[in-house]
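Report on the structure given below.
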Amino acid sequence: MSADRHKTETHRGAAAFFGELASKTSQAAGRASTFMLAAGIVIVWAMSGPLFGFSDTWQLVINTGTTIVTFLMVFLIQNSQNRDSAAIQVKLDELIRVGAAQNSLVGIEHLSDQELEDLRKTCEARAKAGKIGEETVKATGKKAQRAARRAAG
């Protein structure tokens, strides 16, 4: 196996792993139980304040924890939003192209980033081919009308 191919496969594997992790984490973070757990941690931290004399270290614990969680969640949520946005765009493109949604596009937000990109390119190619076909039909129709007028006149 070539080095470039190995790098590409490794990148795809890492991207697929991150996409799956981001999807599951985003789903878990949006649950009421996760919010309740986070609120519980804050309440326990606040109640422990008198035990630690509201020290700088006590404050640093919550500040550091929330900063780390926020930092990581930004990347996970952004990944999920990017995938959902790309899937919605492909669905809209297909609706515009055919005038009705195809059942095969339901659930494409669960595809990998590469699979969504491939699907987007396929839809764009179909749209371009359809446009060329429409232009050809219009041009042929105009020629037929001119020929009919010449034959009648």
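The values are calculated or read from the model by the stated rules, or taken from the named source; none is laboratory data. Since this is a predicted model, take the numbers as computed values, not measurements. Note that each Cβ is placed from the backbone with ideal geometry, even for glycine, and that neighbours are counted across all protein chains shown. Just so you know, the surface numbers come from the protein's heavy atoms only, side chains and all, with ligands and any DNA or RNA stripped out. Shrake-Rupley method; radii C 1.70, N 1.55, O 1.52, S 1.80 Å.
Of the residues making up the stretch 50-69, those that are open to solvent by 90 Å² or more (accessible area, probe 1.4 Å) and not in a helix (DSSP H, G or I) number 3. Sub-7 Å Cβ pairs linking a first residue in the stretch 1-28 that is under 17 Å from L116 (Cβ atoms) to a second residue that is at pLDDT below 85 and open to solvent by 60 Å² or more (accessible area, probe 1.4 Å), at least 6 apart or interchain, are S26/I77, ordered by first then second residue. What are the residues in the stretch 24-39 that are farther than 16 Å from T70 by Cβ and not in a helix (DSSP H, G or I), if any? Scanning the stretch 24-39 gives a single hit, R31.
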